[in-house]
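Following: one structure in structure tokens, then a few remarks.
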Amino acid sequence: MTTANAEPVVPAEHRKWARVIPAKGPQRVLATSQLINNLGNGMFITGQALFFTRSVGLPVGQVATGLGISALVGLLVGIPVGRIADRYGSREAYAATMTIEGFAAVSLVFVHAFWSFLALVCITQMAQTGSLAARSPMLRALGGEKPAEFRAYLRTLTNIAFPLGAGVAMAAIQIGTRPAYLTLILGNALSYFVCALLMTRIPHVPPKPAPPQTDRWIALRDKPFLAVTLHEGLLATQLGVLTFALPLWIVGRTEAPRWTVGLGLLVNTALCIAFQIRFSKGVDTPGAAGRALRRAGFAYLVAALLLALMAGLPGWAAVLMLIPGAAVHTMGEMWQSSAGFELSFGLAPEHAQGQYSAVYNMGFGFANAVAPPVLALLCITWGRPGWFVLGAVFGLLGLAGPPLVAWAERTR
């Protein structure tokens, strides 16, 4: 017997998916946008070096120089774009940056010389940095009661979509013709345009009014927040461990088979897809984020020790050491990303979410710049002792997380 007030019976399997997939509305649109954008990014980032060198015909040195310059130029744009998003609306600013990225990506088809290449990759990088800053106020406003968990869900989508895009890129690289490479460029451009179009289905996010006499560049004058940003940037050098240091370590210093070069990333991707949302649960205050950073630093320490011990072992034993090393490192990465989601929101005033997000992202830009030379010196040139030093540094940074975050929280 049923009554008018009885709730409909929903199968258990449907309830399970309802907890994972956002309900219809802005969150699902944002999730769809994230999926499409990272599918395009996976296609382009995986194939860009070979497109510019083999299809366009630029020397490797020019391509490396241009990409490095564009990364530095991009760091300068995030803060102004974040402030624009705070003042005029994040949805509009995000759609504008996506549109600019789309046109810049299409224009790469016509690149035949270094200077046109440099101009377009700089425009693309500036728009990309700006889009990250512009999106933050929108995620804050539309992320529901637990925005950190929603961002963890978006990161899970990234870990699904990016490898799919990379798979498409690998197929195009295997074909090796210019039309195959152009498919990657135009596919990436299409993803930007689709994301911009999807923003029309997102409601306008009204800017939060700033208190009277608020400093225009408030984030740049917030010393505790800048200290947290620097700390996160130093800890984020771990992002180069599995992608840069470990492959070189496997090939140059261990007996592990060369095919295991990609095993660390495979473990990383699988675990992030399966557990990122779970690791974000409970990281919903700055204090909890500080404790997550401490756990992350300890995980990186343990992982560095395990990976260092691969040297000198037989091939099969080195592989057995690689798998738990990559797994523990990934646990640290999930704790750190969950902490970062909360800190970038929780320490920022509501009226300056975009600007604070841009400053926070500069820490990761710093990490991307310094990680390759630092990791090459410690892990490859120095060898096993360098891994021990790296692990100790990560452990100390983890211990510094809670008191540093507590200081920043007291000044809010």
(request) Post the alpha-carbon centroid distance, the range 47-120 to the range 352-412, in whole angstrom. (result) 26 Å
(request) At 25 °C and 0.890 mPa s, grab the translational diffusion coefficient of the chain from Stokes-Einstein with a Kirkwood Rh over Cα pairs, rounded to a whole number in µm² per second. (result) 109 µm²/s
(message) About the Cα centre, and with charges only on the beta carbon of Lys, Arg (+1) and Asp, Glu (-1), how big is the dipole of the range 24-201? Nearest 20 debye, please.
(response) 320 debye
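Could you compute the net charge surrounding Gly282? Neighbours are other residues with a C-beta less than 11 Å from the C-beta of Gly282; K and R count +1, D and E count -1. Show your work: numbers first, answer last.
Values: positive: Lys146, Arg278, Lys281, Arg291; negative: Glu149, Asp284, Glu342.
Charge balance near Gly282 sits at +1.
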(request) Rank the residues Ile250, Ile84 as a footprinting-exposure proxy: fewest other Cβ atoms within 10 Å of their Cβ go first. (result) Ile84, Ile250
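Helices from the chain with mean Kyte-Doolittle at least 0.0 and a Cα length along the axis of 20 Å or more, per DSSP H: which?
Numbers: long enough: 26-50 (37 Å, 0.25); 60-75 (23 Å, 1.59); 90-107 (26 Å, 0.34); 114-142 (41 Å, 0.89); 147-175 (42 Å, 0.79); 178-198 (30 Å, 1.34); 263-280 (24 Å, 1.48); 286-308 (33 Å, 0.99); 315-346 (46 Å, 0.70); 353-375 (32 Å, 0.40); 384-410 (40 Å, 0.86).
Qualifying helices, which must be both long enough and hydrophobic enough, are 26-50, 60-75, 90-107, 114-142, 147-175, 178-198, 263-280, 286-308, 315-346, 353-375, 384-410.
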(request) Among Tyr356, Ala166, Thr46, pick out the residue whose Cα is farthest towards the positive end of the charge dipole of the chain, where Lys and Arg carry +1 and Asp and Glu carry -1 on C-beta, about the Cα centre. (result) Tyr356
(request) Starting from 0 in steps of 5 Å, tell me what percent of the Cα-Cα pairs of the range 218-410 lands in each bin. (result) 1, 9, 17, 20, 19, 14, 10, 6, 3, 1, 0, 0
(request) Multiply the residue gap between Asn368 and Trp382 by 0.36 nm, knock off their C-alpha separation, and tell me the result in nm, one decimal place. (result) 3.0 nm
(message) Run the count for the chain, please: Lys pairs, Cα-Cα under 22 angstrom, 8 or more apart or on different chains.
(response) 6
(request) Determine which residues of the range 135-158 fall in the zone a paramagnetic label at Thr214 would reach in this model, i.e. backbone nitrogen under 19 Å from the point 7 Å along Cα→Cβ. (result) 135-143
(request) May I ask which residue of Ser191, Ser107, Ala152 lies farthest towards the positive end of the charge dipole of the range 24-201, with charges of +1 (Lys, Arg) and -1 (Asp, Glu) on Cβ and the Cα centre as origin? (result) Ala152
(message) Taking the number of other C-beta atoms within 10 Å as the exposure measure, put Asp86, Asp284, Asp222 in order starting with the fewest.
(response) Asp284, Asp222, Asp86
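Taking the beta-carbon count within 10 Å as an exposure proxy, list Thr269, Thr177 from fewest neighbours to most.
Working: Thr269 17, Thr177 11.
Neighbour counts put them in this order, fewest first: Thr177, Thr269.
Divide by every residue of the chain the summed helix terms, -39500 (n - 2.57) for each DSSP H run of at least 4, and state the resulting mean residue ellipticity at 222 nm, rounded to the nearest 500 deg cm²/dmol. Please list the in-between numbers first.
Details: 15 runs with 302 residues, N = 412.
That calculation yields -25500 deg cm²/dmol at 222 nm.
No lab work stands behind these numbers, since they all come straight from the coordinates. Note that this is a predicted model, so its numbers are computed, not measured. Every residue, glycine as well, gets a Cβ built from its backbone with ideal geometry; the counts of neighbours run over all protein chains shown.
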